[in-house]
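Engineer: Here it is, the structure, as C-alpha coordinates.
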Amino acid sequence: MTTMLELMLQPLVACLVLAGMHAYLGMHVVKREVIFVDLALAQVSALGATVAFLFNYDLHSLQGFWFGLGFTLLGAAVFSFTRSRNPIVPQEALIGCVYAISAAAAILVLSRAPEGGEELKAILVGNLLFVEWSDIGFILLVYIGVGAVHWFARKQLLLISENPAAAFDKGMHVRFWDFVFYGTFGLVVTNSVHIAGVLLVFALLIVPSLCGMFLADSVPRRLAVGWAVGVVTSFVGIYASFQWDLPTGATVVCAFGVSLVVCGTAGRLMGRTGAAH
(Lines give C-alpha, C1' and ligand atoms only; values in the text may rest on other atoms or scores of the structure.)
Protein backbone atom coordinates (compact mmCIF):
# COMPACT_ATOMS: atom_id res chain seq x y z
CA MET A 1 0.00 0.00 0.00
CA THR A 2 2.87 2.38 0.80
CA THR A 3 4.40 1.84 -2.64
CA MET A 4 1.05 2.39 -4.27
CA LEU A 5 0.52 5.67 -2.42
CA GLU A 6 3.96 6.87 -3.44
CA LEU A 7 3.24 6.19 -7.11
CA MET A 8 -0.49 6.80 -7.37
CA LEU A 9 -1.27 9.47 -4.76
CA GLN A 10 -1.22 12.36 -7.24
CA PRO A 11 -3.48 10.61 -9.83
CA LEU A 12 -5.85 9.64 -7.00
CA VAL A 13 -6.06 13.18 -5.59
CA ALA A 14 -6.55 14.52 -9.13
CA CYS A 15 -9.45 12.10 -9.67
CA LEU A 16 -11.06 13.14 -6.38
CA VAL A 17 -10.79 16.85 -7.25
CA LEU A 18 -12.25 16.21 -10.71
CA ALA A 19 -15.05 14.05 -9.29
CA GLY A 20 -16.10 16.78 -6.85
CA MET A 21 -16.78 19.36 -9.56
CA HIS A 22 -17.95 17.03 -12.33
CA ALA A 23 -20.55 15.24 -10.21
CA TYR A 24 -22.23 18.62 -9.62
CA LEU A 25 -22.04 19.79 -13.25
CA GLY A 26 -23.27 16.37 -14.40
CA MET A 27 -26.61 17.02 -12.66
CA HIS A 28 -27.12 20.11 -14.81
CA VAL A 29 -26.10 18.30 -18.00
CA VAL A 30 -28.46 15.37 -17.40
CA LYS A 31 -31.34 17.70 -16.48
CA ARG A 32 -30.77 19.73 -19.64
CA GLU A 33 -30.75 16.48 -21.67
CA VAL A 34 -27.54 17.53 -23.41
CA ILE A 35 -25.56 14.46 -22.39
CA PHE A 36 -22.95 14.81 -25.11
CA VAL A 37 -22.21 18.49 -24.49
CA ASP A 38 -19.31 17.38 -22.31
CA LEU A 39 -17.84 15.23 -25.08
CA ALA A 40 -18.42 18.01 -27.61
CA LEU A 41 -16.76 20.76 -25.54
CA ALA A 42 -13.96 18.41 -24.52
CA GLN A 43 -13.35 17.60 -28.18
CA VAL A 44 -13.49 21.28 -29.13
CA SER A 45 -10.90 21.96 -26.43
CA ALA A 46 -8.75 19.14 -27.82
CA LEU A 47 -9.11 20.62 -31.30
CA GLY A 48 -7.85 23.96 -29.98
CA ALA A 49 -4.79 22.22 -28.51
CA THR A 50 -4.12 20.46 -31.82
CA VAL A 51 -4.32 23.79 -33.65
CA ALA A 52 -1.67 25.05 -31.22
CA PHE A 53 0.29 21.96 -32.27
CA LEU A 54 0.26 23.32 -35.83
CA PHE A 55 2.15 26.35 -34.49
CA ASN A 56 4.79 24.02 -33.00
CA TYR A 57 3.47 24.19 -29.44
CA ASP A 58 3.21 20.99 -27.41
CA LEU A 59 -0.34 19.72 -26.86
CA HIS A 60 0.10 19.94 -23.10
CA SER A 61 1.93 23.26 -23.03
CA LEU A 62 0.54 26.52 -21.64
CA GLN A 63 0.01 27.74 -25.19
CA GLY A 64 -1.94 24.56 -25.98
CA PHE A 65 -4.10 25.21 -22.92
CA TRP A 66 -4.96 28.76 -24.00
CA PHE A 67 -5.78 27.64 -27.53
CA GLY A 68 -8.03 24.93 -26.06
CA LEU A 69 -9.76 27.40 -23.73
CA GLY A 70 -10.36 29.86 -26.57
CA PHE A 71 -11.95 27.20 -28.75
CA THR A 72 -14.04 25.95 -25.82
CA LEU A 73 -15.46 29.40 -25.04
CA LEU A 74 -16.31 29.77 -28.72
CA GLY A 75 -18.17 26.44 -28.55
CA ALA A 76 -19.94 27.61 -25.37
CA ALA A 77 -21.12 30.74 -27.19
CA VAL A 78 -22.45 28.63 -30.09
CA PHE A 79 -24.41 26.34 -27.73
CA SER A 80 -25.81 29.32 -25.79
CA PHE A 81 -27.01 31.37 -28.73
CA THR A 82 -28.47 28.47 -30.71
CA ARG A 83 -30.84 27.59 -27.88
CA SER A 84 -34.44 28.81 -28.24
CA ARG A 85 -37.79 28.14 -26.63
CA ASN A 86 -39.15 26.38 -29.72
CA PRO A 87 -36.13 24.92 -31.51
CA ILE A 88 -36.43 23.75 -35.11
CA VAL A 89 -34.02 20.88 -34.42
CA PRO A 90 -33.01 19.34 -31.07
CA GLN A 91 -29.93 21.01 -29.59
CA GLU A 92 -28.48 17.55 -28.96
CA ALA A 93 -28.25 17.10 -32.77
CA LEU A 94 -26.14 20.28 -33.04
CA ILE A 95 -23.95 19.13 -30.15
CA GLY A 96 -23.39 15.78 -31.89
CA CYS A 97 -22.36 17.55 -35.11
CA VAL A 98 -19.90 19.78 -33.22
CA TYR A 99 -18.36 16.70 -31.59
CA ALA A 100 -18.01 14.72 -34.83
CA ILE A 101 -16.56 17.64 -36.83
CA SER A 102 -14.13 18.61 -34.05
CA ALA A 103 -12.94 15.02 -33.67
CA ALA A 104 -12.45 14.63 -37.42
CA ALA A 105 -10.57 17.96 -37.65
CA ALA A 106 -8.28 16.96 -34.75
CA ILE A 107 -7.50 13.64 -36.48
CA LEU A 108 -6.67 15.49 -39.72
CA VAL A 109 -4.30 17.85 -37.89
CA LEU A 110 -2.57 15.07 -35.96
CA SER A 111 -2.23 12.90 -39.08
CA ARG A 112 0.45 15.39 -40.22
CA ALA A 113 2.57 14.72 -37.13
CA PRO A 114 5.01 11.77 -36.77
CA GLU A 115 3.68 11.04 -33.25
CA GLY A 116 0.07 11.80 -34.18
CA GLY A 117 -1.26 8.42 -33.06
CA GLU A 118 0.25 8.76 -29.59
CA GLU A 119 -0.99 12.35 -29.27
CA LEU A 120 -4.51 11.26 -30.26
CA LYS A 121 -4.40 8.54 -27.61
CA ALA A 122 -3.27 11.13 -25.03
CA ILE A 123 -6.26 13.32 -25.91
CA LEU A 124 -8.64 10.42 -25.30
CA VAL A 125 -7.20 8.95 -22.08
CA GLY A 126 -5.06 11.85 -20.81
CA ASN A 127 -1.84 11.76 -18.81
CA LEU A 128 -3.28 11.12 -15.38
CA LEU A 129 -0.30 9.05 -14.24
CA PHE A 130 2.06 11.99 -14.76
CA VAL A 131 -0.06 14.73 -13.17
CA GLU A 132 1.90 17.11 -10.93
CA TRP A 133 0.87 18.74 -7.64
CA SER A 134 1.07 22.11 -9.39
CA ASP A 135 -1.53 20.90 -11.94
CA ILE A 136 -3.84 19.73 -9.15
CA GLY A 137 -3.46 23.00 -7.27
CA PHE A 138 -4.27 25.02 -10.38
CA ILE A 139 -7.44 23.11 -11.29
CA LEU A 140 -8.53 23.24 -7.64
CA LEU A 141 -8.33 27.04 -7.74
CA VAL A 142 -10.23 27.11 -11.05
CA TYR A 143 -12.94 24.82 -9.65
CA ILE A 144 -13.30 26.95 -6.50
CA GLY A 145 -13.82 30.01 -8.71
CA VAL A 146 -16.38 28.20 -10.89
CA GLY A 147 -18.08 26.82 -7.78
CA ALA A 148 -18.39 30.37 -6.38
CA VAL A 149 -20.03 31.60 -9.62
CA HIS A 150 -22.51 28.70 -9.54
CA TRP A 151 -23.29 29.28 -5.86
CA PHE A 152 -24.19 32.93 -6.39
CA ALA A 153 -26.19 32.12 -9.57
CA ARG A 154 -27.62 28.83 -8.32
CA LYS A 155 -31.30 29.90 -8.54
CA GLN A 156 -31.05 31.01 -12.17
CA LEU A 157 -28.87 28.10 -13.30
CA LEU A 158 -30.98 25.44 -11.57
CA LEU A 159 -34.23 26.89 -12.93
CA ILE A 160 -32.91 26.99 -16.50
CA SER A 161 -31.65 23.41 -16.19
CA GLU A 162 -34.77 21.98 -14.53
CA ASN A 163 -37.56 24.06 -16.07
CA PRO A 164 -36.43 26.23 -19.01
CA ALA A 165 -40.05 27.03 -19.97
CA ALA A 166 -40.60 28.67 -16.56
CA ALA A 167 -37.38 30.64 -17.01
CA PHE A 168 -38.63 31.99 -20.35
CA ASP A 169 -42.04 32.81 -18.77
CA LYS A 170 -40.33 34.83 -16.03
CA GLY A 171 -38.52 36.89 -18.65
CA MET A 172 -35.07 35.68 -17.65
CA HIS A 173 -32.19 36.26 -20.03
CA VAL A 174 -31.90 32.55 -20.73
CA ARG A 175 -29.17 32.84 -23.36
CA PHE A 176 -27.04 34.98 -21.02
CA TRP A 177 -27.36 32.45 -18.19
CA ASP A 178 -26.79 29.64 -20.67
CA PHE A 179 -23.51 31.30 -21.65
CA VAL A 180 -22.58 31.61 -17.95
CA PHE A 181 -23.23 27.88 -17.58
CA TYR A 182 -21.51 26.73 -20.77
CA GLY A 183 -18.62 29.18 -20.32
CA THR A 184 -17.82 28.00 -16.77
CA PHE A 185 -18.51 24.42 -17.83
CA GLY A 186 -16.06 24.82 -20.72
CA LEU A 187 -13.44 26.28 -18.37
CA VAL A 188 -13.75 23.19 -16.16
CA VAL A 189 -13.69 20.78 -19.10
CA THR A 190 -10.61 22.42 -20.66
CA ASN A 191 -8.65 21.99 -17.44
CA SER A 192 -9.95 18.48 -16.87
CA VAL A 193 -9.19 17.22 -20.40
CA HIS A 194 -5.68 18.63 -20.07
CA ILE A 195 -5.09 16.10 -17.26
CA ALA A 196 -7.57 13.26 -17.60
CA GLY A 197 -8.49 13.06 -21.30
CA VAL A 198 -11.87 13.13 -23.04
CA LEU A 199 -13.13 9.70 -21.97
CA LEU A 200 -12.45 9.99 -18.22
CA VAL A 201 -13.88 13.51 -18.10
CA PHE A 202 -17.10 12.23 -19.69
CA ALA A 203 -17.29 9.31 -17.24
CA LEU A 204 -16.69 11.61 -14.24
CA LEU A 205 -19.43 13.94 -15.41
CA ILE A 206 -22.21 11.53 -16.33
CA VAL A 207 -21.84 8.34 -14.25
CA PRO A 208 -21.93 9.90 -10.73
CA SER A 209 -24.92 12.01 -11.78
CA LEU A 210 -26.83 8.98 -13.12
CA CYS A 211 -25.98 6.99 -9.99
CA GLY A 212 -27.40 9.83 -7.88
CA MET A 213 -30.62 9.70 -9.91
CA PHE A 214 -30.81 5.93 -9.57
CA LEU A 215 -30.54 6.05 -5.76
CA ALA A 216 -31.93 9.38 -4.50
CA ASP A 217 -34.72 11.91 -5.07
CA SER A 218 -33.60 15.35 -3.90
CA VAL A 219 -30.75 17.41 -5.37
CA PRO A 220 -28.63 17.36 -2.16
CA ARG A 221 -28.96 13.56 -1.83
CA ARG A 222 -28.20 12.97 -5.50
CA LEU A 223 -25.15 15.19 -5.15
CA ALA A 224 -24.02 13.26 -2.07
CA VAL A 225 -24.45 9.93 -3.88
CA GLY A 226 -22.60 11.29 -6.92
CA TRP A 227 -19.66 12.47 -4.84
CA ALA A 228 -19.53 9.15 -2.94
CA VAL A 229 -19.56 7.19 -6.23
CA GLY A 230 -16.86 9.46 -7.66
CA VAL A 231 -14.57 9.02 -4.64
CA VAL A 232 -15.01 5.24 -4.23
CA THR A 233 -14.80 4.47 -7.96
CA SER A 234 -11.71 6.64 -8.43
CA PHE A 235 -9.96 4.83 -5.58
CA VAL A 236 -10.94 1.38 -6.91
CA GLY A 237 -9.90 2.28 -10.47
CA ILE A 238 -6.52 3.66 -9.37
CA TYR A 239 -5.93 0.58 -7.17
CA ALA A 240 -6.81 -1.80 -10.04
CA SER A 241 -4.53 0.14 -12.39
CA PHE A 242 -1.64 -0.27 -9.94
CA GLN A 243 -2.30 -3.92 -9.09
CA TRP A 244 -2.62 -5.16 -12.68
CA ASP A 245 -0.34 -2.61 -14.38
CA LEU A 246 -3.14 -1.23 -16.56
CA PRO A 247 -3.46 2.21 -18.23
CA THR A 248 -4.72 4.48 -15.43
CA GLY A 249 -7.28 6.61 -17.28
CA ALA A 250 -8.87 3.71 -19.17
CA THR A 251 -9.03 1.60 -15.99
CA VAL A 252 -10.84 4.32 -14.04
CA VAL A 253 -13.33 4.76 -16.92
CA CYS A 254 -14.11 1.01 -16.84
CA ALA A 255 -14.48 1.17 -13.06
CA PHE A 256 -17.12 3.88 -13.54
CA GLY A 257 -18.88 1.50 -15.93
CA VAL A 258 -19.06 -1.10 -13.16
CA SER A 259 -20.36 1.51 -10.71
CA LEU A 260 -23.10 2.45 -13.16
CA VAL A 261 -24.25 -1.17 -13.41
CA VAL A 262 -24.14 -1.63 -9.62
CA CYS A 263 -26.08 1.58 -8.88
CA GLY A 264 -28.59 0.88 -11.66
CA THR A 265 -29.21 -2.61 -10.28
CA ALA A 266 -29.51 -1.26 -6.73
CA GLY A 267 -31.99 1.36 -7.91
CA ARG A 268 -34.11 -1.30 -9.58
CA LEU A 269 -34.04 -3.48 -6.45
CA MET A 270 -35.21 -0.42 -4.50
CA GLY A 271 -38.14 -0.11 -6.89
CA ARG A 272 -36.81 3.08 -8.53
CA THR A 273 -37.45 1.90 -12.10
CA GLY A 274 -38.11 5.42 -13.38
CA ALA A 275 -35.35 7.08 -11.43
CA ALA A 276 -33.74 9.24 -14.09
CA HIS A 277 -36.11 12.22 -14.15
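The values are calculated or read from the model by the stated rules, or taken from the named source; none is laboratory data. Predicted model only: the values in this text are computed from it and were never measured. All Cβ positions, glycine included, derive from the backbone under ideal geometry; neighbour counts span all protein chains shown. With ligands, DNA and RNA removed, areas are computed over all heavy atoms of the protein, side chains included. Shrake-Rupley method; radii C 1.70, N 1.55, O 1.52, S 1.80 Å.
Engineer: Please give the charge dipole size of the chain, origin at the Cα centre, charges +1 on K and R Cβ atoms and -1 on D and E Cβ atoms. Round to the nearest 20 debye. Walk me through the numbers on the way to the answer.
Structural biologist: Details: 14 positive and 15 negative charges, 211 e Å.
The dipole of the chain has a size of about 1020 debye.
Engineer: Okay, next question. For the stretch 136-146, in order, what is each residue's ³J(HN,Hα) by Karplus, 6.51 cos²θ - 1.76 cosθ + 1.60 with θ = phi - 60°, in whole Hz (x at glycine and Pro)?
Structural biologist: 5, x, 5, 5, 5, 5, 4, 5, 4, x, 5
Engineer: Which order do you get for Lys155, Lys31 if you rank them by accessible area with a 1.4 Å probe, largest at the top? Let's see the in-between values first.
Structural biologist: Details: Lys155 160, Lys31 70 Å².
These residues rank, largest area first, as Lys155, Lys31.
Engineer: Same structure again: Which order do the peptides 74-80, 213-219, 17-23 come out in when sorted by mean C-beta neighbours inside 10 angstrom, highest first?
Structural biologist: Numbers: 74-80: 19.6, 213-219: 17.1, 17-23: 24.7.
Ranked from most to least packed, the peptides come out as 17-23, 74-80, 213-219.
Engineer: Using θ = phi - 60° and the Karplus form 6.51 cos²θ - 1.76 cosθ + 1.60, what ³J(HN,Hα) does each residue of the stretch 249-254 get, whole Hz, x for Gly and Pro?
Structural biologist: Per residue, the Karplus-derived 3J(HN,Hα) values read x, 5, 5, 5, 4, 5 Hz.
Engineer: Relative contact order of the chain, please, whole-number percent, based on alpha carbon pairs below 8 angstrom and at least 6 residues apart. Please list the in-between numbers first.
Structural biologist: Numbers: 382 pairs, mean separation 78.1, N = 277.
It rounds to 28 percent for the chain.
Engineer: Still on this structure: Where in the stretch 9-37 does the label zone of Leu141 land, with the point 7 angstrom along Cα→C-beta and an amide N cut-off under 18 Å?
Structural biologist: It comes to 14, 17-18, nothing else.
Engineer: Enumerate the calculated ³J(HN,Hα) couplings along the stretch 152-163 in order (Karplus 6.51 cos²θ - 1.76 cosθ + 1.60, θ = phi - 60°), each rounded to whole Hz, writing x wherever the residue is Gly or Pro.
Structural biologist: Each residue of the stretch 152-163 in turn: 6, 10, 4, 5, 5, 5, 5, 5, 5, 6, 8, 8 Hz.
Engineer: Once you order the gyration tensor axes a ≥ b ≥ c over the Cα atoms, which shape class does the stretch 144-277 get: rounded for a/c under 1.5, otherwise prolate or oblate by comparing a/b with b/c?
Structural biologist: On the way: a/c = 2.80, a/b = 1.43, b/c = 1.96.
Oblate.
Engineer: Under the rule a/c < 1.5 gives rounded, and otherwise a/b versus b/c splits prolate from oblate, where does the stretch 3-74 land using the Cα gyration tensor?
Structural biologist: oblate
Engineer: Take the solvent-accessible surface of the protein heavy atoms, probe 1.4 Å, and return the percent of it on the chain that carbon and sulfur atoms account for.
Structural biologist: Result for the chain: 70 percent of the exposed heavy-atom area is carbon or sulfur.
Engineer: Can you sort Ser192, Ser259 by 1.4 Å-probe accessible area, starting with the largest? It would help to have the intermediate numbers written out before the result.
Structural biologist: Details: Ser192 0, Ser259 25 Å².
Accessible-area ranking of Ser192, Ser259, largest first: Ser259, Ser192.
Engineer: In percent, how large is the relative contact order of the stretch 147-228, given Cα pairs closer than 8 Å and 6 or more residues apart? Working shown, then result.
Structural biologist: Values: 41 pairs, mean separation 12.6, N = 82.
It comes to 15 percent, rounded to a whole number.
Engineer: Then there's this: Using a Gaussian network model of the chain with C-alpha springs under 10 Å, which one of Gly212, Gly48, Gly147 is most mobile by mean-square fluctuation?
Structural biologist: Gly147
Engineer: Taking the full set of protein chains and a 1.4 angstrom probe, give the accessible area of Leu260 in square angstrom, rounded to the nearest 10.
Structural biologist: In the full protein context, Leu260 sits at about 60 Å².
Engineer: Ok, one more. Which residues' amide hydrogens lie under 5 Å from the amide hydrogen of Gly126, considering only partners 5 or more residues apart or on another chain, with H built in the peptide plane?
Structural biologist: Gly197, Val198
Engineer: Calculate, for Ser134 and Leu159, the FRET efficiency according to 1/(1 + (r/R0)^6) with r their C-beta to C-beta distance and R0 35 Å; round to the nearest 0.05.
Structural biologist: Details: r = 38 Å, r/R0 = 1.07.
Taking R0 as 35 Å, the efficiency between Ser134 and Leu159 is 0.40.
Engineer: Going by the alpha-carbon gyration tensor, a ≥ b ≥ c the square roots of its eigenvalues, is the chain rounded (a/c under 1.5) or, if a/c is not under 1.5, prolate (a/b greater than b/c) versus oblate? Walk me through the intermediate numbers first.
Structural biologist: Working: a/c = 1.73, a/b = 1.11, b/c = 1.55.
Oblate shape, in that a/c is at least 1.5 and b/c is the bigger or equal ratio.
Engineer: Using a probe radius of 1.4 Å on heavy atoms only, what accessible surface per residue do you get for the chain? Whole Å² is fine.
Structural biologist: With all protein chains present, the chain gives 48 Å² per residue.
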